[in-house]
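Only one structure is covered here, and it is reproduced in the block below.
The values are calculated or read from the model by the stated rules, or taken from the named source; none is laboratory data. Bear in mind that the values here come from a model prediction, so they are computed numbers and not experimental data. Glycine also receives a Cβ, built like all others from the backbone with ideal geometry; neighbour counts cover every protein chain displayed.
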Amino acid sequence: MANSPFRAKLSDILVDISWGNLSKTYFGKSPSWLYHKLDGIDGNGGEGGFSEEELSQFKGALCDLADRIRRVADSL
């Protein structure tokens, strides 16, 4: 995985989440789509990153995943 400022923010959880599954579940996109977004590139190799709407959706996905994990932990 490439080093990008965005990935640096995710460093604490980067290897603990299935990013491909997150991409499919929350965006309906391929894993490579999300990996490119995390690296700040578009599908053609140019600069891309997340739009404001996508970033909001990404934050929501992480919060939803955190909530789901908490519910499972609380049920144990």
Single residue of K9, K59 found to be free of Cβ contacts under 8 Å to residues at least 12 places away in the same chain and over 10 Å from the mean Cα position of the chain (by Cα): K9
Filter result for F50 (touching a residue at least 12 places away in the same chain (Cβ under 8 Å), among the hydrophobic types (A, V, I, L, M, F, W, C), in contact with a Lys or Arg (Cβ under 6 Å, 6 or more places away or on another chain) and surrounded by 10 or more Cβ atoms within 10 Å (Cβ to Cβ)): yes
Residue match in the stretch 20-33 (condition: out of contact with any strand residue (DSSP E or B) (no Cβ under 8 Å at 6 or more places or on another chain), surrounded by 15 or more Cβ atoms within 10 Å (Cβ to Cβ), under 13 Å from F6 (Cβ atoms) and modelled with pLDDT under 95): no
Residues that are surrounded by 14 or more Cβ atoms within 10 Å (Cβ to Cβ) and either touching a strand residue (DSSP E or B) at 6+ places or on another chain (Cβ under 7 Å) or among the charged types (D, E, K, R) (or both), drawn from the stretch 34-47: K37, D39, G40, I41
Matching residues, the stretch 19-47, being more than 16 Å from D64 (Cβ to Cβ) and either in contact (Cβ under 8 Å) with a residue 40 or more places away in the chain or assigned to a helix (DSSP H, G or I) (or both): G20, P31, S32, W33, Y35, H36, K37, L38, D39
Hey, D16 free of Cβ contacts under 8 Å to residues at least 60 places away in the same chain and either in a helix (DSSP H, G or I) or surrounded by 11 or more Cβ atoms within 10 Å (Cβ to Cβ) (or both) or not: no
Boolean, A66 is among the aliphatic types (A, V, I, L, M), surrounded by fewer than 15 Cβ atoms within 10 Å (Cβ to Cβ), part of a helix (DSSP H, G or I) and at pLDDT 90 or above: yes
